[in-house]
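Here the structure is laid out as structure tokens; the discussion comes afterwards.
The values are calculated or read from the model by the stated rules, or taken from the named source; none is laboratory data. If you're wondering where the values come from, they're calculated on a predicted model, not measured in any experiment. The area values use the complete protein model at the heavy-atom level, side chains included, leaving out ligands, DNA and RNA. Shrake-Rupley method; radii C 1.70, N 1.55, O 1.52, S 1.80 Å.
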Amino acid sequence: MLNEHVNIYITNIDKEYMDVIQNEYNEKFQIKDNSIHLEIPKSLYGNSLLIELHDFLEKFKNKKKYQLTSNCSFDVNNLLLIKPNKIEYLTFKEGEFLKHLLKTNEIITYEYMNELLWNDNINISQNALRLFVKNLKKKLPTKILKNIRGIGYKLNLSY
């Protein structure tokens, strides 16, 4: 009775999400090809574990993904930029900014950035704004975020 386990197999997971799972959870799961094998001791198998597992799987099932370039996509739910051989983790503010750029497909003004990202509680300096954008640009594919001088930023998805 002490060594009894419940086996759970999850198959047909997208390749790019397998990379995320392998990076984050490799010690916890047996991962092979596009599937995961979980061997859970029956003593731990209960409602709380099922809830945790369900929440974990829902993150990947209900994914919202934008293809930014032919080799880079943005996973909205997990705030990830998925590139070949690399995953970039975005901060909450970086993710919010990128989501709004994608939703509107218009210029996001400096004023709106301040309102969106800092709740307009404080007036962010131009240097802080530039630093935020500089850090985001390091993660994004080159030339995808365009500065419209004196106005704001726009995505350039057509290069």
Roughly what % of Cα-Cα distances in the range 67-159 sit above 20 Å, to the whole percent? 31 percent
Accessible area, probe 1.4 Å, largest first, for residues 79, 131: 131, 79
In nanometres, the difference between 0.36 nm per residue of separation and the alpha-carbon distance of residue 125 and residue 109 is 4.3 nm
